[in-house]
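Colleague: Sharing a structure here in structure tokens format.
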Amino acid sequence: MAEAFRPGALDPAFFLYEHYRDPRVRARATQLYYRAKPLLPRRLQLDLRRAFVPVQRRQGFPAWPIEPILVDHNHEQLRAQLRRSGAERIPFVGLWPDRKRFCFVLTHDVEGPAGIENIEPVREVERAYGFASAWNFVAEEYSIPRDLFARLRTDGCEVGLHGIRHDDSLFRDRQRFETALPKLHEYLERWEAVGFRSPSTHRNSDWMHELPCLYDSSFPDTDPFEPVPGGCCSIVPFFFGGVVELPITLAQDHTLFEILRERSIERWLEKGRWIIEQHGLINVITHPDYMLSSTRLDRYRELLDFLSGRSDGWHELPRNVARWWTQRAQLSCPIEPETVRIPGPTDFAASVSYAREQGDRIVFDV
Ligand SMILES: [Zn+2]
């Protein structure tokens, strides 16, 4: 496949919408996994997924943990534009408000009763840094305490929908998807939620624009280890029609610690530093269900420590990042502005950034 990926000749949509993936292969692999899964003890499921790691690592594209193809493509485009215009720099609407260099969101998928029980210890860690997070729940998989959503919101957090059941049924075929849409809508409304995270990141890029939500966050930028391998190759949000996609850009905690058996958060930090360098979105999923030990909570604390040490990061709830991205899409950048503003009560502090060449690199002045 590699010869098709010539920068300049490529269409970003081919990667964003995962059109490089063979839908027959992806459907077959997923179905096999999900048919076998209920029959296998959890220990064996984990062993199977670990045994697959060398095969998955060999897939080659998208590269893991960093796939730079769309970052490189964007730089190529800017370089060409700079050379064509003869200008020293090109203004564009800054990627993030408040003149921030990068953005980060903390998200959690609650898989079962153990996760429900373990929300507070995770929140305690986050609260110490003044961070808020999004909590995604499965609607019909386990019981959710009546006052939990209100408590989370009072605590500054956001509630999102992690599917109706935690399986691959939503995207298995068109009929199931269409039948599920009103139910998704109903839960989102009842929960006052605007965000969706598909169970096990099941997805179909041709249907995401029909989801009745403000944003989806089911596409990794690159992840060969999930039941649905692949990724959108993007470290900034993009659109499926009117639905904002907030790509998942760090490895999931389960992948890192259970499947790859990493002992440190070096993978998170390495990727985090690259995303910051590229002005991207750090979007991490951790599961309270797997954060039961003090060691695991310590790993998470180390990540938050890293993020809180940066004054140039925009920390927000995903719903506000999605609102910003929607509003940003309405803005254009006049030739010589100092600032651009979004009118109205939902104002974010938008500003102008500049792209310029520095040696053989493209850099952004925020
Ligand atoms: Zn899940």
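Colleague: Where the second residue is among the hydroxyl-bearing types (Ser, Thr, Tyr) and part of a helix (DSSP H, G or I) and the first is more than 17 Å from residue 127 (Cβ to Cβ) and modelled with pLDDT of 95 or more and lies in segment 145-166, which pairs have Cβ atoms under 8 Å and are six or more apart or on separate chains?
Modeller: Cβ pairs passing all conditions: 161/187; 164/187; 166/200.
Colleague: Report whether or not residue 185 is under 18 Å from the mean Cα position of the chain (by Cα) and assigned to a helix (DSSP H, G or I).
Modeller: In short, no.
Colleague: Condition (residue is assigned to a strand (DSSP E or B) and at pLDDT below 95) applied to segment 343-353: is it met by at least one residue?
Modeller: Looking through segment 343-353, at least one residue is assigned to a strand (DSSP E or B) and at pLDDT below 95.
Colleague: Here's a follow-up. Being within 16 Å of the ligand (Cβ to nearest atom) and touching a residue at least 12 places away in the same chain (Cβ under 8 Å) narrows it down to one of 300, 290, so name that one.
Modeller: 290
Colleague: Quick one: residue 164 ticks every box in (1) surrounded by fewer than 19 Cβ atoms within 10 Å (Cβ to Cβ); (2) assigned to a helix (DSSP H, G or I); (3) within 16 Å of the ligand (Cβ to nearest atom); (4) not aromatic (Phe, Trp, Tyr) except a single one, so which number is it?
Modeller: Unmet for residue 164, out of (1) surrounded by fewer than 19 Cβ atoms within 10 Å (Cβ to Cβ); (2) assigned to a helix (DSSP H, G or I); (3) within 16 Å of the ligand (Cβ to nearest atom); (4) not aromatic (Phe, Trp, Tyr): (2).
Colleague: Evaluate the following for residue 148: is it farther than 22 Å from residue 281 by Cβ, touching an Asp or Glu at 6+ places or on another chain (Cβ under 7 Å), away from the ligand (no atom under 16 Å from the Cβ) and not β-branched (Val, Ile, Thr)?
Modeller: No; evaluated as a whole, the condition is false for this residue.
Colleague: Which count do you get for residues in segment 88-124 that are assigned to a loop (DSSP other than H, G, I, E, B) and among the hydroxyl-bearing types (Ser, Thr, Tyr)?
Modeller: 0
Colleague: How many residues are buried (at least 19 other Cβ atoms within 10 Å of the Cβ) and more than 16 Å from the ligand (Cβ to nearest atom) when one looks only at segment 181-204?
Modeller: Total meeting the criteria: 3.
Colleague: Can you find, within segment 273-283, the residue that is nearest to residue 210 (Cα to Cα) among those that are in contact with a Lys or Arg (Cβ under 9 Å, 6 or more places away or on another chain) and crowded, with 21+ Cβ neighbours inside 10 Å?
Modeller: The residue in question is 282.
Colleague: Next question, about the same structure. Run residue 269 past the list (1) crowded, with 16+ Cβ neighbours inside 10 Å; (2) free of Cβ contacts under 8 Å to residues at least 40 places away in the same chain and report the number of the one that doesn't hold.
Modeller: Against the list (1) crowded, with 16+ Cβ neighbours inside 10 Å; (2) free of Cβ contacts under 8 Å to residues at least 40 places away in the same chain, residue 269 comes up short only on (1).
Colleague: Can you tell which of 86, 60, 112 is out of contact with any strand residue (DSSP E or B) (no Cβ under 7 Å at 6 or more places or on another chain), surrounded by fewer than 18 Cβ atoms within 10 Å (Cβ to Cβ), closer than 29 Å to residue 228 by Cα and modelled with pLDDT of 90 or more?
Modeller: That would be 112, the only listed residue that is out of contact with any strand residue (DSSP E or B) (no Cβ under 7 Å at 6 or more places or on another chain), surrounded by fewer than 18 Cβ atoms within 10 Å (Cβ to Cβ), closer than 29 Å to residue 228 by Cα and modelled with pLDDT of 90 or more.
Colleague: Exactly one condition in (1) within 15 Å of the ligand (Cβ to nearest atom); (2) surrounded by 15 or more Cβ atoms within 10 Å (Cβ to Cβ); (3) touching a residue at least 12 places away in the same chain (Cβ under 8 Å) is not met by residue 169; state its number.
Modeller: Looking at each condition in turn, residue 169 falls short on (3).
The values are calculated or read from the model by the stated rules, or taken from the named source; none is laboratory data. Treat the numbers as computed from the prediction; the structure is a model and nothing was measured. Neighbour counts run over all protein chains shown; Cβ positions are idealised from the backbone, glycine included.
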